[in-house]
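Data block below; observations after.
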Amino acid sequence: MGAPRHGGTRMRWLLGAAAFPALFLGLVLGMAELPEFGDPGSPASTHVSPRFIEDAAAETGAANMVTAVLADYRGYDTLGETAVIFAAGLGCLVILAAAGGRPNPPAPGMSHPFGSVILDTATRILVPVVLLFAVYVLIHGHISPGGGFQGGVLFGSGLIMMRLVWGPAHEGGTHRPDVTAFGPSLRGSLILACAGILGYAGIGLAAMAFGGEFLNYGTLPLGSDPAHVRELATLGIEAAVFLTVAGTVGVLFDTISIGMRESGVPLGSDRGPRE
Amino acid sequence: MRDVLPGLLVALPLVGAALVPLLAALFRRTTRAAALALHAAIFAAALGLFWSAAVAGPIRYAVGGWPGPWGIELWFDGLSTLIAVLVAGMACFASFAQTFGPDPDRTAPGSTPLREGLLRGALLLLVGGLLGIVATRDVFNLFVFLEISSLAAYTLVASGGGRSTVAAFRYLLAGTAAGSLYLFGVGFLYALTGTLNMDDLAARLPSVEADAALTVAVVLIAVGLSIKAALFPLHGWLPDTYVYTPTPAAGFIAAVMAKVSAYALLRLLGEVLAGTDAGAVVLEIMIWLGVAGVVAGGVLAVAQRAVTRMLAWSSISAMGMILIGVGMGSALAITGALFHMAAHALAKGCLFFGAGGIRALEDGDEVDRWAGLGSRAPWTLAALTVAGLSMIGIPPTAGFFSKYYLLSASITAGGPAGIAAFAAIILSSLLATVYFLRVLEAAWFRAPAEAERASSAAPAGPVLPRPLALPVVGLALLIVLTGIFARPFERHVLPDWETGTARIAAEAP
């Protein structure tokens with residue numbers, strides 16, 4: 001940190017030790033004055049919320065008002081949150097996988113396929129269900145809890161399950177000659193993640209092309225009923241979020257488990273299958 | 001134009017951040033041209049907004065077509081567009097510097113077009129985050145973009161490998177704590193007022209009766225943003241981060257990153273929360289901490305042997321000066337703070353590009369390494385000298401005018417705080433003279449060490465490669481131009497600040 005490297009250490013410890021009780025005390029004191037949790041008369045419940053509760057369905061076409069706020073009223077925040085997830089994937093790629101083109105030492109157990117007939121069969125049955133359920137959660141996000149973030153994570157976990165059992169997917173199949181690779185390679189995951197951000201921002205820019213503000217889906221020429229148009233566009237941006245999240249989960253798993261070689265193509269481990 | 005530019009300004013960097021890595025992944029070729037074109041387009045949008053706000057008044061932009069407080073609004077006045085121009089302009093230089101080598105400082109072998117694309121994507125993402133903070137009129141949206149900019153910055157800092165990874169991790173710890181504190185504060189404000197929109201907040205705060213909760217909210221927000229702005233004594237993350245960040249990114253991060261957080265402090269504490277009792281006290285404390293930071297940063301800069309570390313400590317001194325201006329809050333002080341943001345960003349960007357390049361090519365960071373550089377590369381060194389003079393505050397450069405405004409504001413403010421600020425700024429200029437002249441003396445008047453001369457097939461000619469030399473010289477020219485055009489700047493930015501605070505004061509019941 002600074003020049004007074006040793007003299008300042010004790011001081012810093014004391015300051016650090018004092019900061020936490022101070023923060024705790026402050027939060028407790030402040031919380032005591034806040035409105036009761038769930039108080040219908042509190043400012044949080046009376047100022048902006050009534051419009052969300054009463055008009056969201058009519059204005060945005062979203063039956064689930066949480067979706068209406070996330071994807072429409074405050075869709076710009078959600079674009080930002082998607083970018084945060086994308087940033088995490090990008091950061092992992094730069095720091096872990098591509099550090100000077102040196103391969104990471106393979107993490108034992110993650111970069112090698114393992115398993116048996118039982119695990120293999122179970123995965124074959126489970127993975128399609130997981131992936132399908134992910135898409136269901138995405139599409140059903142309008143009228144029930146769910147949406148792009150949750151669906152994307154589910155989809156990503158399906159990909160991880162395949163990679164754990166059959167080894168990482170790369171351009172040329174898995175380590176198991178009898179299993180045809182399904183799912184994107186590391187490069188493919190990165191492309192998915194990028195495509196999601198581009199899709200989300202692209203829908204926003206398309207709205208600008210038709211004369212609206214950025215992300216004002218109502219101006220898109222998708223029909224005559226604005227609420228319905230907004231509903232369709234919301235599905236579009238949820239799908240974009242889905243792509244980014246699923247892609248980023250794939251990127252995170254692959255960068256942590258296998259790393260990346262000079263050519264920029266993930267190659268998995270040097271050794272062949274351990275049969 | 002006014003209908004389109006705000007959306008483009010915030011959308012383009014995010015589009016670019018995904019597009020550039022995508023192109024790199026698809027085609028496996030260099031993405032230099034695409035990235036430079038995107039940065040140029042963003043800069044053009046920022047300039048257009050600056051011009052538009054100056055000519056036709058501030059722009060309020062409802063993203064998604066939902067007006068505040070239900071939706072998220074952007075706000076472009078003289079202040080925000082000025083910082084936007086600064087961020088987007090520095091990003092153009094940084095993007096150009098990234099052609100210095102896809103891999104920073106050429107220390108890591110085997111870089112690939114994909115890695116280059118990822119780093120360019122990270123820079124665009126950082127620009128997007130910073131512009132989002134600058135543009136927004138919504139306190140939660142500010143947090144979202146604070147996170148984007150932080151994550152992108154950690155990536156760029158860590159991309160050097162080795163020590164820079166450790167520096168990035170420490171930055172990450174400090175930044176995460178800062179973000180959490182800010183978010184706590186926003187949570188309190190929302191519970192108290194039911195709104196996240198800054199204008200709406202300012203209007204509803206006077207009727208809030210919960211004093212303790214409001215105080216906690218103000219303090220949390222102030223501490224959180226002060227960590228990001230490296231206000232003394234919350235600056236611990238800064239020196240290592242600036243020193244170990246790869247050069248192309250260091251020139252950008254050192255120039256604008258902390259300043260955007262200082263701008264957020266100015267917006268929130270100086271404008272939105274200024275009417276609260278706690279806000280006034282916090283601003284007063286900020287002046288004193290700024291004074292302490294100005295002095296401590298200067299003294300520790302003198303104590304450093306490595307040039308980049310000296311520059312990092314001098315940044316802490318400069319951030320102290322900016323926050324003194326924010327704390328005083330008078331129109332003159334705000335002008336000084338904003339002008340110092342601009343002047344210091346130009347000078348520090350110039351110096352970090354230059355010092356980082358020299359560190360990489362001379363294989364060392366000590367002042368002695370600069371010996372004799374003046375005769376080898378007179379133009380580059382002349383540019384770095386201009387930046388150094390601006391940091392000291394010699395008249396034709398931008399640095400003189402920012403210190404002039406801040407000193408005038410200190411005299412006008414009076415009182416113990418004003419006197420302390422006045423003395424600290426004068427002292428910091430003297431200290432800056434000491435530490436910059438030491439480097440410049442070595443560069444211009446000292447011959448390289450004997451051993452150096454013997455061993456060196458020391459190449460005559462430029463010491464910096466073109467991707468770094470061009471930003472260095474360009475920024476030096478801008479420093480002088482900014483100094484010359486200081487008066488028009490003052491006339492443009494000040495009225496917006498005064499009408500802005502007056503409007504909020506008028507809306508308060």
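The values are calculated or read from the model by the stated rules, or taken from the named source; none is laboratory data. Owing to the predicted nature of the structure, the values given are computational and were not obtained by experimental measurement. Methodologically, a virtual Cβ is constructed for each residue, glycine included, from the backbone with ideal geometry; neighbour enumeration extends over all protein chains shown. What goes into the accessible areas is simple: the full protein's heavy atoms, side chains included, and nothing from ligands, DNA or RNA. Shrake-Rupley method; radii C 1.70, N 1.55, O 1.52, S 1.80 Å.
Assorted remarks:
- Of all residues in region B:127-150 being aromatic (Phe, Trp, Tyr) and open to solvent by 10 Å² or more (accessible area, probe 1.4 Å), the one that is farthest from the other protein chains (Cβ to nearest Cβ): B:Phe143
- Residue list for region B:75-98, restricted to those being aromatic (Phe, Trp, Tyr) and either at pLDDT 95 or above or in a strand (DSSP E or B) (or both): B:Trp75, B:Phe76
- Qualifying residue in region B:51-74 (condition: under 21 Å from A:Tyr76 (Cβ atoms), of a type in the set (Gly, Ala, Ser), within 12 Å of chain A (Cβ to nearest Cβ) and assigned to a helix (DSSP H, G or I)): no
- Filtered residue count, region B:1-24, keeping only those that are facing another protein chain (nearest Cβ under 8 Å), open to solvent by less than 10 Å² (accessible area, probe 1.4 Å) and touching a Gly at 6+ places or on another chain (Cβ under 8 Å): 7
- Pairs, first more than 10 Å from chain B (Cβ to nearest Cβ) and farther than 23 Å from B:Gly132 by Cβ in region A:49-77, second β-branched (Val, Ile, Thr) and open to solvent by 30 Å² or more (accessible area, probe 1.4 Å), C-beta under 7 Å, six or more apart: A:Ala63/A:Ile143; A:Asn64/A:Ile143; A:Met65/A:Ile53
A quick yes/no check of all residues on (1) small (Gly, Ala, Ser); (2) closer than 27 Å to B:Ile322 by Cα; (3) buried (at least 23 other Cβ atoms within 10 Å of the Cβ):
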{"site": "B:Glu362", "(1), (2), (3)": "no, no, no"}
{"site": "B:Val367", "(1), (2), (3)": "no, no, no"}
{"site": "B:Phe401", "(1), (2), (3)": "no, yes, yes"}
{"site": "B:Tyr404", "(1), (2), (3)": "no, yes, no"}
{"site": "B:Ile411", "(1), (2), (3)": "no, yes, no"}
{"site": "B:Thr433", "(1), (2), (3)": "no, yes, no"}
{"site": "B:Arg438", "(1), (2), (3)": "no, yes, no"}
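- Qualifying residue in region B:29-39 (condition: within 19 Å of B:Thr99 (Cα to Cα), buried (at least 24 other Cβ atoms within 10 Å of the Cβ) and of a type in the set (Ser, Thr, Tyr)): yes
- Within region B:172-201, considering residues that are surrounded by 23 or more Cβ atoms within 10 Å (Cβ to Cβ) and in contact with an Asp or Glu (Cβ under 8 Å, 6 or more places away or on another chain), the one farthest from the other protein chains (Cβ to nearest Cβ): B:Met198
- Listed by position, the helices (runs of 4 or more DSSP H) inside region A:16-100 whose residues that are surrounded by fewer than 17 Cβ atoms within 10 Å (Cβ to Cβ) and among the polar types (S, T, N, Q) number at least 2 are A:43-46.
- B:Val166 passes every criterion in (1) farther than 27 Å from B:Gly275 by Cα; (2) free of Cβ contacts under 8 Å to residues at least 60 places away in the same chain apart from (2).
- Those residues of region A:28-48 which are closer than 14 Å to B:Ala210 by Cβ and facing another protein chain (nearest Cβ under 9 Å), in sequence order: A:Leu29, A:Gly30, A:Met31, A:Ala32, A:Glu33, A:Leu34, A:Pro35, A:Ser42, A:Pro43, A:Ala44
- Condition broken by B:His235, with the remaining ones in (1) in a helix (DSSP H, G or I); (2) within 23 Å of the chain's Cα centre (by Cα); (3) of a type outside the set (Lys, Arg) satisfied: (1)
- Residue match in region B:386-400 (condition: aromatic (Phe, Trp, Tyr), in a helix (DSSP H, G or I), within 30 Å of B:Met286 (Cβ to Cβ) and under 14 Å from the mean Cα position of the chain (by Cα)): no
- The set of residues from region B:55-96 being crowded, with 24+ Cβ neighbours inside 10 Å and of a type in the set (Val, Ile, Thr) comprises B:Val63, B:Ile72, B:Thr81, B:Ile83, B:Val87.
- Residues of region B:272-321 satisfying the condition of being open to solvent by 40 Å² or more (accessible area, probe 1.4 Å), assigned to a helix (DSSP H, G or I) and under 30 Å from B:Pro206 (Cα atoms): B:Asp277, B:Ala280, B:Val281, B:Glu284, B:Ile285, B:Trp288, B:Leu289
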